[in-house]
């Protein structure tokens with residue numbers, strides 16, 4: 001397999017940008033993720049791949065639940081603030097407002113979010129795949145979603 | 001959970017459009033799929049969800065391999081031709097040109113494709129999730145990919 005062809009082909013897959021948060025005991029996580037897809041209508045399932053050597057992986061696995069925040073097309077800066085490790089300071093997480101809801105960190109600036117319960121984890125790659133059931137969904141405002149291809153970033157290859 | 005909120009939120013997830021093909025013994029399949037994501041860099045893995053009551057599901061599961069064709073932004077009609085069951089007629093599949101490559105049906109009109117080998121299947125939903133390793137990738141021409149949101153169609157909720 002030609003490595004450059006693999007990279008080019010895999011970067012043709014389309015993604016949005018999302019912020020995943022969770023909390024397990026005293027450990028919080030909040031991370032920008034792109035490898036997300038619905039996986040079933042009935043029951044409503046999604047898949048999310050989380051970097052295996054990240055704090056988010058350990059926290060989500062420990063808790064078995066997470067929030068997936070859906071971002072508007074103008075929220076690139078919000079997405080960027082969660083590229084770095086999660087830091088709680090002055091009542092903010094990575095400088096962003098949040099509140100605890102059912103003991104999960106909910107970012108308040110987003111147009112929509114879904115709450116998910118982990119059903120299964122496939123550990124075969126460097127980004128373990130979490131299959132999770134959608135157990136709640138909230139819309140704050142209808143919004144055009146942020147798409148990875150419209151940013152300067154890519155994640156894939 | 002409010003059903004309309006769930007539908008609206010899940011439709012905010014971003015997708016491309018792809019055509020998945022495979023062949024098991026004498027059975028061919030070719031289907032348009034949207035629920036696709038990379039799932040690992042090393043090894044290179046992708047996830048694809050396939051409708052559980054479809055012929056494609058049975059064929060891909062039987063064969064353990066498939067081709068995922070990446071489409072250009074002008075190939076909406078090609079995508080639409082694989083919404084219906086797969087029919088071989090007059091040397092075409094659903095009216096489209098193909099050739100067998102390693103005994104898998106390769107559509108010749110696409111800008112790129114990847115060949116995948118199935119590693120695992122999660123059967124918890126109505127669209128079983130196939131985790132597969134990318135074992136080959138070919139670029140025919142650089143192209144802007146077809147995105148689901150830019151069509152009149154949606155698939156999710």
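Residue B:53 label point (Cα plus 7 Å toward Cβ) to equivalent points in the other copies: 4.6 nm, shortest first.
I need the peptides A:104-111, A:77-84, A:33-40 ranked by packing, meaning the mean over residues of other C-beta atoms within 10 angstrom, with the highest value on top.
So the order, starting with the most tightly packed, is A:33-40, A:104-111, A:77-84.
Partner shielding of A:31-44 amounts to 6, given as the average count of beta-carbon atoms from other chains within 10 Å of each residue beta-carbon.
Under the convention of a label 7 Å out along Cα→Cβ, give the distances in nm from residue A:103 to the same position in every other copy, shortest first. Result, one decimal in nm: 5.3. Using a Förster distance of 41 Å, how high is the FRET efficiency between residue A:5 and residue B:3, based on the Cβ-Cβ distance and rounded to 0.05? With R0 = 41 Å, the Cβ-Cβ based efficiency is 0.45.
Shortest first, residue B:151 label-point distances to identical copies amount to 2.6 nm, with the label point at 7 Å from Cα along Cα→Cβ.
For peptide B:119-125, the mean count of partner chain Cβ atoms within 10 Å of a residue's Cβ comes to 6. Per-residue Cβ neighbour counts within 10 Å put B:32, A:21 in the sequence B:32, A:21, beginning with the fewest. Percent of C-alpha pairs per 5 Å bin in the stretch A:8-96, short distances first: 3, 13, 22, 24, 20, 12, 5, 2, 0.
One Cα centroid belongs to the stretch A:85-157, the other to the stretch B:49-111; the line between them spans 33 Å. Each Cα pair of chain B feeds into the Kirkwood radius, which the Stokes-Einstein equation turns, at 25 °C and 0.890 mPa s, into a diffusion coefficient of 153 µm²/s. For the pair residue B:41 and residue B:88, label points projected 7 Å from Cα toward Cβ lie 4.1 nm apart. Counting Cβ atoms of other protein chains within 10 Å of each residue's Cβ and taking the mean over peptide A:128-136 gives 3.
Each pair of Cα atoms in the stretch B:92-140 enters the Kirkwood radius, and Stokes-Einstein at 20 °C and 1.002 mPa s then converts it into a translational diffusion coefficient of 169 µm²/s. Taking label points 7 Å from Cα along the Cα-to-Cβ direction, residue B:80 and residue B:150 give a separation of 1.6 nm.
Considering only the Cα atoms of the protein assembly as shown, their convex hull presents on average a projected area of 15.0 nm². Here the Gaussian network model covers chain B, with springs between Cα atoms less than 10 Å apart; of B:86, B:14, B:47, B:14 fluctuates the most.
Normalising the average separation of contacting C-alpha pairs (under 8 angstrom, six or more residues apart) by the number of residues puts the relative contact order of chain B at 29 percent.
Here, each number is a calculation from the coordinates, and none is a lab measurement. Worth saying up front: this structure is predicted, and the values here are computed from it rather than measured. Positions of Cβ are backbone-derived with ideal geometry, glycine not excepted, and every protein chain shown enters the neighbour counts.
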